[in-house]
1. Search the stretch 70-117 for residues being part of a loop (DSSP other than H, G, I, E, B) and under 21 Å from the mean Cα position of the chain (by Cα), and hand back the single one that is surrounded by the most Cβ atoms within 10 Å (Cβ to Cβ).
2. Could you tell me which numbered condition residue 352 fails, if it satisfies all but one of (1) surrounded by 19 or more Cβ atoms within 10 Å (Cβ to Cβ); (2) closer than 24 Å to residue 303 by Cα?
3. For the stretch 240-255, what are the residues that are under 13 Å from residue 15 (Cα atoms) and in contact with a helix residue (DSSP H, G or I) (Cβ under 7 Å, 6 or more places away or on another chain)?
4. Within the stretch 120-136, how many residues turn out to be in a loop (DSSP other than H, G, I, E, B) and either at pLDDT 95 or above or closer than 18 Å to residue 47 by Cα (or both)?
5. Kindly indicate which of 359, 350 is at pLDDT 95 or above, touching a helix residue (DSSP H, G or I) at 6+ places or on another chain (Cβ under 9 Å), closer than 30 Å to residue 162 by Cα and in a strand (DSSP E or B).
6. Just one of (1) surrounded by fewer than 16 Cβ atoms within 10 Å (Cβ to Cβ); (2) in contact with a strand residue (DSSP E or B) (Cβ under 6 Å, 6 or more places away or on another chain); (3) within 28 Å of residue 93 (Cα to Cα) trips up residue 364, so point out which.
7. Could you pull out the residue among 392, 383 that is modelled with pLDDT of 95 or more and within 19 Å of residue 232 (Cβ to Cβ)?
8. So which helices (runs of 4 or more DSSP H) are wholly in the stretch 137-253 and hold at least 2 residues that are over 30 Å from residue 324 (Cβ atoms) and touching a residue at least 12 places away in the same chain (Cβ under 8 Å)?
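The values are calculated or read from the model by the stated rules, or taken from the named source; none is laboratory data. What you see is a predicted model, and the numbers here were worked out from it, not measured in a lab. Using ideal geometry, Cβ is built from the backbone for each residue, glycine included, and neighbour counts are taken over all protein chains shown.
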C-alpha cells in the first residue's frame, strides 16, 4: 500500500471501541447470569476471536456491527469445546481465557496464529499450575498449542515479576473459581479494566496501590456495557495532528482510564496543544472528547511506572520523538520484546528505513530529533497492527511516499484506520 504526505488534518472522528474493554465485556458477559448488552464494541479481528471462542463453549452471542448481546448462563454452564479454541492474533484472548479454562472441569485446547505461537505463556501457565490446573504445551507450557484440564483450584498469593494486566486478569479469573482468596501483587499498577468490570458485574474485590484480592465462589450478574473509544487507537491521531502542519482534530468519546492515559501525560510533557472535555461516565470507565492541534514538540524521558500506562503507544511515541527537539530516551520497556513483534527492534528498523535516527537498547530506545523523514522506502507492519498504524501516520509527514506491506494488520484493533486518515486529510 502506497501512502504519501498530507498538507493538514481537519475534522472529527469517532475512535473505535477499546479493544481491552471489548474483550472483557464478551468474556464476563459469557460468565455472568443474564443478558449483557454491549454498545460500541470493537469488531476488530482480535475481539471477534474472543466471540468465536466463547461460542465454541456454548454461549449464545449475537453481533450487529458494534452492538453485541451475550446471553450468559453462568460459569458452570460453559461446555467443553469440541474443537480447538483459536485465538487468532490475540494475546488478551488467550491469556485471560487460560484463567477461565483453568477452573473449568473439562479439557480444552488453545492455539493461535504464528505470532501467538512465539509469545511466552509460562508467565500465565505457571501460576495457574500452582493453583492446581493441569496445563501442557510446547516447552513445558511456554508456547502454544496449549492443553488445559481445569478444576479444583486453590487460591494463591502471587507476586508478578512484571506489571501486566493480562497476567493479573488471568489469575483473578482463576481465583474467582478457586477455594479461598487469591491475591496478585505487581511492581507497578497495570491497567485496571478487569477490576472495574468485575465490580460492574457484581464481584467484590479488595484493592490497594499494587495488589488485588478476590475471594472464590462469587457469581457474576449480567450488566450493560458502553465501550469508550480506545485511547491506544486515538494515540495515532493525537500524534498525527501534532505533527502534520495546520491540523486540528477532535476525537470523540475516548477512554480516559487513569491506568491508560500515559500517552496524554507524554504529549503534555512534549508541549502538545491538547484539550480534554471529560464526560460523566458514572462508576464505569471514564471517557471524554480530545481536541488536538499542531505543535512544536520537545524531547522527553519515559521510564518507570509510566511504562505500563503507555506500553502499546510506544511505537507512535517513537515517531513523535523523531520530530521533537532533542534526544528522547525510553527505558524500562523490555516488555515490548514479547508483543506481536519484538517492538523495540521492529520500530527502530522500520523508522530507520525512512530516515529516522534511532537506536534500540536492551529495554527501550533512544530517538534523536528533530530529523526530517525522507520516506521513499518499502516498509512493513510485520503483521503487527500498531507498527502498521505508526507507519501509516509516518507516511503523512514523509517527503516521499512509502510503500507499506501487510497494511491489513491494522484490522486487529482499528479496521477503519486508513479510511479515517482519508476523512481528515487535506491532500498536498
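1. 90
2. It is condition (1) that residue 352 fails.
3. Listed by number, the residues that qualify are 249, 251, 254, 255.
4. Residues flagged as in a loop (DSSP other than H, G, I, E, B) and either at pLDDT 95 or above or closer than 18 Å to residue 47 by Cα (or both) within the stretch 120-136 amount to 3.
5. After applying the criteria, what remains is 359.
6. Among (1) surrounded by fewer than 16 Cβ atoms within 10 Å (Cβ to Cβ); (2) in contact with a strand residue (DSSP E or B) (Cβ under 6 Å, 6 or more places away or on another chain); (3) within 28 Å of residue 93 (Cα to Cα), residue 364 violates only (1).
7. Just a single option satisfies the conditions, and that option is 392.
8. So the answer is 138-141, 165-175, 193-200.
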